[in-house]
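Trainee: Please find one structure pasted underneath; my questions will follow.
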Amino acid sequence: MRIDEFIEQFNGKYPDVDRFDVATDEMITIYEETLGYRLPVSFVKFLKEFSNGIFLLDCEPIGGVSKESPSGDICKVDRIIPDIPNEILIVETKEWIDSNRLISFTTFDAGDHSNNH
């Protein structure tokens with residue numbers, strides 16, 4: 001599913017869900033410089049058109065590009081799932097990247113599932 005389809009379907013099904021202010025181009029650029037990586041186009045669209053971080057359906061925290069985000073800010077992955085391969089295929093671009101370049105978009109949760117990995 002493309003991010004614009006997700007945003008449209010989500011807004012149609014859950015129109016009253018609280019969202020945080022959207023991110024600006026400047027906020028995203030500064031954060032990319034801080035991380036040392038460009039963010040995926042789909043995530044940038046999410047930040048600019050949907051929410052700069054959100055507790056999605058009150059259970060899945062997705063970080064933003066500011067510490068004021070309700071879920072905090074995204075970060076470099078601080079722990080990798082043990083069975084993750086050394087390289088990950090990015091399907092959209094058909095590009096293989098080192099798994100140590102992954103960025104965590106989900107930050108933490110009550111079930112200790114996301115937690116920056």
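Trainee: Take the residues of region 44-62 that are assigned to a loop (DSSP other than H, G, I, E, B) and modelled with pLDDT under 70: which is farthest from GLY12 (Cα to Cα)?
Mentor: Taking region 44-62 first, the residues assigned to a loop (DSSP other than H, G, I, E, B) are 50-53, 57-59.
Imposing the further condition that a residue be modelled with pLDDT under 70 reduces the set to 57-59.
Details: LEU57: 14, ASP58: 17, CYS59: 19 Å.
Step by step, filter region 44-62, then rank; the result is CYS59.
Trainee: Kindly indicate whether any position in region 86-95 is hydroxyl-bearing (Ser, Thr, Tyr) and either touching a helix residue (DSSP H, G or I) at 6+ places or on another chain (Cβ under 8 Å) or modelled with pLDDT under 70 (or both). Give the derivation first.
Mentor: Taking region 86-95 first, the residues hydroxyl-bearing (Ser, Thr, Tyr) are 93.
Keeping just the survivors that are either touching a helix residue (DSSP H, G or I) at 6+ places or on another chain (Cβ under 8 Å) or modelled with pLDDT under 70 (or both) gives none.
Within region 86-95, not a single residue is hydroxyl-bearing (Ser, Thr, Tyr) and either touching a helix residue (DSSP H, G or I) at 6+ places or on another chain (Cβ under 8 Å) or modelled with pLDDT under 70 (or both).
Trainee: Across region 1-28, which residue is least open to solvent (accessible area, probe 1.4 Å) among those that are outside any loop (DSSP other than H, G, I, E, B) and under 17 Å from GLU68 (Cα atoms)?
Mentor: Going through region 1-28, the residues outside any loop (DSSP other than H, G, I, E, B) turn out to be 3-13, 25-28.
The next check asks that each one be under 17 Å from GLU68 (Cα atoms); those that pass are 25-28.
On the way: ASP25: 94, GLU26: 129, MET27: 61, ILE28: 8 Å².
Within region 1-28, the match that is least open to solvent (accessible area, probe 1.4 Å) is ILE28.
Trainee: State which residue pairs qualify: first residue open to solvent by 60 Å² or more (accessible area, probe 1.4 Å) and inside region 40-61, second residue modelled with pLDDT of 75 or more and small (Gly, Ala, Ser) in any location, beta carbons under 6 Å apart, and separation of 6 or more residues or different chains.
Mentor: Close Cβ pairs satisfying both conditions: LYS48/ALA23.
Trainee: So how many residues does region 66-82 have that are at pLDDT 70 or above and not β-branched (Val, Ile, Thr)? Step through it out loud before you land on a result.
Mentor: Restricting attention to region 66-82, the residues satisfying the condition of being at pLDDT 70 or above are 66-74.
Now restrict to residues that are not β-branched (Val, Ile, Thr): 66-73.
Count: 8.
The values are calculated or read from the model by the stated rules, or taken from the named source; none is laboratory data. For clarity, every value in this text was computed on a predicted model and none was experimentally measured. Please note: Cβ atoms are built from the backbone with ideal geometry, for glycine as well, and neighbour counts cover all protein chains shown. Calculation scope for accessible area: heavy atoms of the full protein, side chains included, ligands and nucleic acids excluded. Shrake-Rupley method; radii C 1.70, N 1.55, O 1.52, S 1.80 Å.
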